[in-house]
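The values are calculated or read from the model by the stated rules, or taken from the named source; none is laboratory data. Treat the numbers as computed from the prediction; the structure is a model and nothing was measured. Here the Cβ positions follow ideal geometry from the backbone for every residue, glycine too, while neighbour counts run over all protein chains shown.
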């Protein structure tokens, strides 16, 4: 039994340490920019060396160039809203200082920073009911992307202590 308690304590300590290194890197704008530039350099090298794949490499380079442009300008657009409204202004998505997307309490990407905040800034206190927290939890990635540990026991149910409707 003591070995099980030790394993349980190690898991508990890991949860209390905060987000993993990968999640911290993903939220770091400089890292994302560096990664895009490195990938572009790899594609250029492959373009020079691998003649048979040049068309695919040009397409990959164009996508990476687009990603770089969006990341540098900190712009992004909701493609569904763009298709529906045909307006870049209405479909533009706001980002925080680090370049991360903003979400409202329902997990929808919002374009106004006064209506939302980063997914990693929400916790159970931000929600009135468990259902509201569950909707947000599922829209921003569920158990696989639970950056604020809304589902502490990883059973797929967020903020279980909140009242249910």
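Looking at this structure, is residue 131 in a helix (DSSP H, G or I), under 21 Å from residue 160 (Cβ atoms), more than 17 Å from the chain's Cα centre (by Cα) and at pLDDT 70 or above? Yes.
Scanning the stretch 81-119 for residues that are modelled with pLDDT under 75, farther than 27 Å from residue 131 by Cβ and in a loop (DSSP other than H, G, I, E, B) returns 97, 98, 99.
For the stretch 136-155, the criterion of a residue being surrounded by 14 or more Cβ atoms within 10 Å (Cβ to Cβ), part of a helix (DSSP H, G or I), in contact with a strand residue (DSSP E or B) (Cβ under 9 Å, 6 or more places away or on another chain) and modelled with pLDDT of 75 or more is satisfied by at least one position.
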